[in-house]
1. Can you confirm whether residue A:41 is crowded, with 16+ Cβ neighbours inside 10 Å, more than 15 Å from DNA strand C (Cβ to nearest atom) and either in contact (Cβ under 8 Å) with a residue 40 or more places away in the chain or in a strand (DSSP E or B) (or both)?
2. Go through the range B:87-122 and report how many residues are without any contact (Cβ under 8 Å) to a residue 24 or more places away in the chain, hydroxyl-bearing (Ser, Thr, Tyr) and not in a helix (DSSP H, G or I).
3. Exactly one condition in (1) surrounded by fewer than 17 Cβ atoms within 10 Å (Cβ to Cβ); (2) more than 22 Å from residue B:120 (Cβ to Cβ); (3) at the interface with another protein chain (Cβ under 7 Å from one of its Cβ atoms) is false for residue A:111; which is it?
4. Check the range A:72-81 and report whether any residue there is touching a strand residue (DSSP E or B) at 6+ places or on another chain (Cβ under 7 Å) and within 11 Å of DNA strand D (Cβ to nearest atom).
5. From the list A:71, A:105, A:76, pick out the single residue that is within 18 Å of the chain's Cα centre (by Cα) and facing chain B (nearest Cβ under 8 Å).
6. Within the range B:79-100, how many residues are aliphatic (A, V, I, L, M) and facing chain A (nearest Cβ under 9 Å)?
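The values are calculated or read from the model by the stated rules, or taken from the named source; none is laboratory data. Please read all numbers here as calculations on a predicted model, not as lab measurements. In this analysis, Cβ positions are derived from the backbone assuming ideal geometry, glycine residues included, and neighbour counts consider all displayed protein chains.
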Protein chains: 2
Amino acid sequence: MAEEGTLARVGHTDVRDPIGEGHPTCRLRDVLDRVGDKWSVLVMNLLGDGPKRYSELRRSIEGISQRMLTLTLRSLERDGLVERTVTPTSPPRVDYALTPVGQTLSVQVSGLIAWAEEHRPYVATARARYDDGSANVSEIRPGQ
Amino acid sequence: MAEEGTLARVGHTDVRDPIGEGHPTCRLRDVLDRVGDKWSVLVMNLLGDGPKRYSELRRSIEGISQRMLTLTLRSLERDGLVERTVTPTSPPRVDYALTPVGQTLSVQVSGLIAWAEEHRPYVATARARYDDGSANVSEIRPGQ
DNA sequence: CTGTATCCTTATTGATACTG
DNA sequence: CAGTATCAATAAGGATACAG
């Protein structure tokens, strides 16, 4: 799925699955791709607090480009996870909100985020330990 | 983070955060990257059923290359999420298992997967509807 | 069996400029 | 304000060959 000449969709495999019919891997791939791109979860999480305008999202996320915000939003909209509401006023106004189903996903996402916050110190320590002791071999349990 | 000349680590930002100190975005990025790569979650999920050998994982995942399996496993090990046990027998044997903390993550992952399975039909429908009606403009609520 | 090293292709993201 | 179009850079992933 390359950029076909215009704003392309964010990641996400198509509805047809690439490997085989009911292969368990494929079922999973769907969500993982949905949650796996760089911005979707961040956007979903923000929208979890309530509807927001395009510009609000843009400011809140900080590192995101217009391109990626639009791409992410479109993709979420396509999957029925967020709803886009255009108010064609003088400077146009567009609001985004989680759909009911989108909210159920955002609950899962929150769980993930909670896990992250709780275990970040552990992971940081583990990484330091790993990166440190990568040279010596004493972790293969010498006396066994 | 490019491939530095050898098997490089899978995704994952470093411990230092790239934007700013306590920026909320960065906290999240940690997990999202962990869960966001193509194979980590699949591996964690398999290991959720109990320890498995390298070759078992390889067969179970189907589309994965040796390279990516090793990369993923190393990365998970580095973060203290899986434990690697080498048995230096004649044909070497290596087992991988979730650590206690790894199991807590796998619980979150399961939630995500459950969500996926439950809402896949909805998402598929939403996509079809979106892709279909992309041409006409009647969704901007003409009568408002 | 369990990896590692390379090379190569493609996917993803960012920067920038421009439009209704 | 809320996008879209292009182009360029990078990162991720796969294929293949080789090694302990």
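1. So residue A:41 does not fit the description; no.
2. Result for the range B:87-122: 4.
3. Unmet condition: (2).
4. yes
5. Numbers: A:71 fails: facing chain B (nearest Cβ under 8 Å); A:76 fails: facing chain B (nearest Cβ under 8 Å).
Matching residue, one of A:71, A:105, A:76: A:105.
6. The qualifying residues number 2.
Residues are listed down the side, and each one gets a yes or a no for (1) loosely packed, with under 13 Cβ neighbours inside 10 Å; (2) modelled with pLDDT of 95 or more; (3) of a type in the set (Lys, Arg):
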position: B:76; (1), (2), (3): no, yes, no
position: B:84; (1), (2), (3): no, yes, yes
position: B:93; (1), (2), (3): no, yes, yes
position: B:132; (1), (2), (3): yes, no, no
